[in-house]
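To start, the structure under review is shown below, and the notes come after it.
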Amino acid sequence: MYESNQEPLPEGDAAEVFASQLADLQRQASAHDHEELTPDNVVRWGNQNRPLVAGLCRRLLLPGSKITGLSNFRQLVRHAKDGHACLLCLNHRSNLDVPTFDTLLTDHGQADLFDSVIWVAGRTLEEDTGVTRMLVQCFNRVIVTPHRWFHSGRTDAQIHEARLINIAAERAISRLRHEGWVCALFPSGTRIRPDDETTKQAIAETDSYLRLFDYLLLCNIDGCTLPVSRDRDFAHEIPKLDRVVFTFGSVHRVQQWRAEMAERFPDEDQRTASALAIREEIEALAP
């Protein structure tokens, strides 16, 4: 599969290489996609543009791109359908991680599994004015205000509304987790940057999510078709051909897993122990 992608890409950034696809995304964006974020609309449903983004991802995947341990993800989805609260955590390599996951599942006849996932997404992606926002709007998501957002010179009114947004998001997650959805997030809160080791670390706040769930599944993404470029948005990043592999570990019962991680890191509090363990176990899944 993807053998046709042996031909080199045209030179240029994503805006140049994928000009026609991005123009189609722009044309098909709906008025609803520009709805202002409030505590009343933190749950957003994906639009009709997923196939367009999948076509873009498909052009960048090299032969050997695949999903390993798919039966474990399928098991997690079954738990969710049975009414259990299920959480998926993945490392974060590029703005194309989510659509590439969608593409690989679709190309292997497993699109229904992706349709069971709702993503926990930071509001900065939703409020972006460029291509990144159009990309995010293709997928089901619950919008949250990340911790670092509060330390960027916000007014009292903005901080108050952001806290209300997070309260609404937590309530939405509490409801959706028992309605057959797998909630998914990137515990680092940002994409991995080769020159910044901290971007590989799970943030301590991840444990606050963990406590809401019955089952946990970790996934390692190996390979990257759109390396992050500091201070640039999607359109100005340089796409490349790559072999991308999603590797799923075993499904864990959260309560037992958290207790085991506390024992593994006895000198750390529970939040830090969980964060350290998530990074360690995701890295151990690398092929």
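The values are calculated or read from the model by the stated rules, or taken from the named source; none is laboratory data. If you're wondering where the values come from, they're calculated on a predicted model, not measured in any experiment. We place every Cβ from the backbone using ideal geometry, glycine too, and count neighbours over all the protein chains shown. Please note that ligands, DNA and RNA were not included when accessible areas were found on the heavy atoms of the full protein model with its side chains. Shrake-Rupley method; radii C 1.70, N 1.55, O 1.52, S 1.80 Å.
Below, the figures for the structure above:
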{"read-out": "Pair list, Cβ under 8 Å, 6 or more apart: the stretch 266-284 residue surrounded by 17 or more Cβ atoms within 10 Å (Cβ to Cβ), other residue of a type in the set (A, V, I, L, M) and part of a helix (DSSP H, G or I)", "value": "A273/M261; A273/A262; S274/L210; S274/M261; L276/M261; A277/M261"}
{"read-out": "Meets criteria (closer than 25 Å to Y209 by Cβ and surrounded by fewer than 21 Cβ atoms within 10 Å (Cβ to Cβ)) for R58", "value": "no"}
{"read-out": "Filter result (more than 10 Å from the chain's Cα centre (by Cα) and touching a residue at least 40 places away in the same chain (Cβ under 8 Å)) within the stretch 91-116", "value": "T100, D102, T103, L104, T106, D107, H108, Q110, L113, S116"}
{"read-out": "A235 in a helix (DSSP H, G or I), under 19 Å from the mean Cα position of the chain (by Cα) and under 19 Å from T100 (Cβ atoms)", "value": "yes"}
{"read-out": "Scope the stretch 210-231; condition free of Cβ contacts under 8 Å to residues at least 40 places away in the same chain and open to solvent by 50 Å² or more (accessible area, probe 1.4 Å); matching residues", "value": "R230, D231"}
{"read-out": "The stretch 177-236: number of residues that are at pLDDT 80 or above and not hydrophobic (A, V, I, L, M, F, W, C)", "value": "20"}
{"read-out": "Condition check for L88: within 15 Å of the chain's Cα centre (by Cα) and open to solvent by less than 30 Å² (accessible area, probe 1.4 Å)", "value": "yes"}
{"read-out": "Considering residues of the stretch 11-58 that are more than 20 Å from the chain's Cα centre (by Cα) and charged (D, E, K, R) only, the residue nearest to L176 (Cα to Cα)", "value": "D40"}
{"read-out": "Candidate set: the stretch 11-52, residues that are in contact (Cβ under 8 Å) with a residue 12 or more places away in the chain and basic (K, R); chosen: the one surrounded by the most Cβ atoms within 10 Å (Cβ to Cβ)", "value": "R44"}
{"read-out": "Odd one out for K66, checked against (1) surrounded by 15 or more Cβ atoms within 10 Å (Cβ to Cβ); (2) in contact with an Asp or Glu (Cβ under 7 Å, 6 or more places away or on another chain)", "value": "(2)"}
{"read-out": "Unique match (being more than 30 Å from S174 (Cβ to Cβ) and β-branched (V, I, T)) among V17, V42, V53", "value": "V17"}
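One line per residue, one yes/no per condition, for (1) surrounded by 22 or more Cβ atoms within 10 Å (Cβ to Cβ); (2) polar (S, T, N, Q); (3) touching a Cys at 6+ places or on another chain (Cβ under 8 Å):
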| position | (1), (2), (3) |
| --- | --- |
| T100 | yes, yes, yes |
| T106 | no, yes, no |
| Q110 | no, yes, no |
| G122 | no, no, no |
| T132 | no, yes, no |
| V136 | yes, no, no |
| P146 | no, no, no |
| H151 | no, no, no |
| T155 | no, yes, no |
